[in-house]
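Visitor: Mind having a look at this structure? Questions to follow.
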Amino acid sequence: MVGHRTRPKLATRYPVHVTVRMRPGIRRLRNFRVCTHLRRCFVKGQKLKFRVCQFSVQRNHIHMICEAKDAMSLSRGMQGLNIRIARALNNLMRRHGKVFEDRYHARILRFPLQVRHALCYVLQNGRRHGVHTGPEPDPFSSVSYFTGWEEPLPAPFQPVAGRAPPVAEPNTWLLREGWVMHGMIGMQEVPRGRAHAS
C-alpha cells in the first residue's frame with residue numbers, strides 16, 4: 001500500500017489500475033456468495049465521471065481497471081465504491097468496523113503496452129497467485145465482459161441477457177482499442193508482474 005504521498009496527475013485519456021486490500025479480519029473473498037455482493041456494488045458504483053471497466057477478486061484484495069475524469073473523480077468514485085463494498089461485506093459477514101487495510105493504490109496507465117500488461121495482470125491475477133489453474137477463465141473476475149481474448153469465450157461465461165453488467169464500456173482510446181496493437185490476451189496467459197511504463 002502507498003503512504004499519503006502526492007498522487008501523479010490523472011487525465012481523462014488515461015485509464016488507471018486500482019488495487020484495494022482488505023484488513024486481516026476479512027475472510028477470503030473468492031467465493032460466489034461474496035462475489036455476488038461485490039458485483040452488485042460494482043453495478044451501483046458506476047458514475048458519469050468514474051467507471052470500473054474490468055476487475056478481479058483475489059483472496060484478500062481486489063484489482064480494478066478504472067476510468068475517471070480526473071484525480072478528484074477517481075477519489076470520490078473509489079470512496080463511494082468502497083463504502084458500498086464495506087457495507088455489503090459487513091452485512092454479509094455479520095461484523096462491523098473497517099474493511100479496507102488502507103487507502104487504495106492507483107497506477108496511471110499511459111501507454112498501450114502498459115495497458116495490455118495491466119489488463120492481463122488484473123484479469124489473470126488468479127493464475128499469477130496460483131489460485132486459478134484451469135483452462136477456463138477465472139469466474140471471480142469480469143472475464144465475461146472482456147472482448148480482447150484470443151480464444152472464443154466459453155458458453156458458460158457468456159454475459160447473462162438482461163442482467164446489468166458489473167463493468168462499464170471503456171471510453172479511453174487506450175483501453176478501448178489502443179492496447180490491442182500489442183496482441184490479444186490468451187485465456188491461459190500468466191501475467192509477468194506489475195505493468196511497467198512501455
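Visitor: Any chance you could count how many residues in the stretch 151-190 are farther than 17 Å from Gly134 by Cα and of a type in the set (Val, Ile, Thr)?
Guide: Taking the stretch 151-190 first, the residues farther than 17 Å from Gly134 by Cα are 158-184.
Next cut, of a type in the set (Val, Ile, Thr) only: 160, 167, 172, 180.
Total meeting the criteria: 4.
Matching residues to (1) among the hydroxyl-bearing types (Ser, Thr, Tyr); (2) within 16 Å of Ala164 (Cβ to Cβ):
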residue	(1), (2)
Ile26	no, no
Leu29	no, no
Thr36	yes, yes
Arg40	no, yes
Lys47	no, yes
Cys53	no, yes
Met72	no, no
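Visitor: Residues of the stretch 20-42 being part of a helix (DSSP H, G or I) and over 14 Å from Ser56 (Cβ atoms), which ones? Spell out the reasoning first.
Guide: To start, the set of residues in the stretch 20-42 that are part of a helix (DSSP H, G or I) comprises 32-42.
Passing the criteria: Phe32, Arg33, Thr36, His37, Arg40, Cys41.
Visitor: Next question. Inside the stretch 17-51, can you point out the residues that are open to solvent by 20 Å² or more (accessible area, probe 1.4 Å) and aliphatic (A, V, I, L, M)?
Guide: Answer for the stretch 17-51, where residues must be open to solvent by 20 Å² or more (accessible area, probe 1.4 Å) and aliphatic (A, V, I, L, M): Val43, Leu48.
Visitor: Report, by residue number, each residue of the stretch 21-41 that is among the basic types (Lys, Arg) and under 15 Å from the mean Cα position of the chain (by Cα).
Guide: Answer for the stretch 21-41, where residues must be among the basic types (Lys, Arg) and under 15 Å from the mean Cα position of the chain (by Cα): Arg21, Arg30, Arg39, Arg40.
Visitor: Mind counting the residues in the stretch 127-140 that are more than 12 Å from the chain's Cα centre (by Cα) and in contact (Cβ under 8 Å) with a residue 12 or more places away in the chain?
Guide: 9
Visitor: Please indicate, with yes or no, whether at least one residue in the stretch 3-18 is among the hydrophobic types (A, V, I, L, M, F, W, C), modelled with pLDDT of 95 or more and assigned to a strand (DSSP E or B).
Guide: Filtering the stretch 3-18 for residues among the hydrophobic types (A, V, I, L, M, F, W, C) gives 10-11, 16, 18.
Now drop any that are not modelled with pLDDT of 95 or more, which leaves 16, 18.
Checking which are assigned to a strand (DSSP E or B) leaves us with 16, 18.
Yes - at least one qualifying residue is present in the stretch 3-18.
Visitor: If you don't mind, another one. Considering only the stretch 97-198, give the helices (runs of 4 or more DSSP H) lying wholly within it that have at least 3 residues that are touching a helix residue (DSSP H, G or I) at 6+ places or on another chain (Cβ under 8 Å) and either within 26 Å of Leu74 (Cβ to Cβ) or open to solvent by 30 Å² or more (accessible area, probe 1.4 Å) (or both). Break it down stepwise before answering.
Guide: Numbers: elements: 112-123, 125-129, 173-176.
Fully inside the stretch 97-198 and qualifying: 112-123.
A quick yes/no check of all residues on (1) touching a residue at least 12 places away in the same chain (Cβ under 8 Å); (2) in contact with a helix residue (DSSP H, G or I) (Cβ under 9 Å, 6 or more places away or on another chain); (3) assigned to a helix (DSSP H, G or I); (4) open to solvent by 10 Å² or more (accessible area, probe 1.4 Å):
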residue	(1), (2), (3), (4)
Cys53	yes, yes, no, no
Ser56	yes, yes, no, no
Met64	yes, yes, no, no
Met72	no, no, yes, yes
Arg76	yes, no, yes, yes
Gly80	yes, yes, yes, yes
Arg84	yes, yes, yes, yes
Arg87	no, yes, yes, yes
Asn90	no, no, yes, yes
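The values are calculated or read from the model by the stated rules, or taken from the named source; none is laboratory data. Predicted model, so just to flag it, every value in this text is computed and none were measured. Note that each Cβ is placed from the backbone with ideal geometry, even for glycine, and that neighbours are counted across all protein chains shown. Keep in mind that these areas ignore ligands, DNA and RNA; they rest on the heavy atoms of the full protein, side chains included. Shrake-Rupley method; radii C 1.70, N 1.55, O 1.52, S 1.80 Å.
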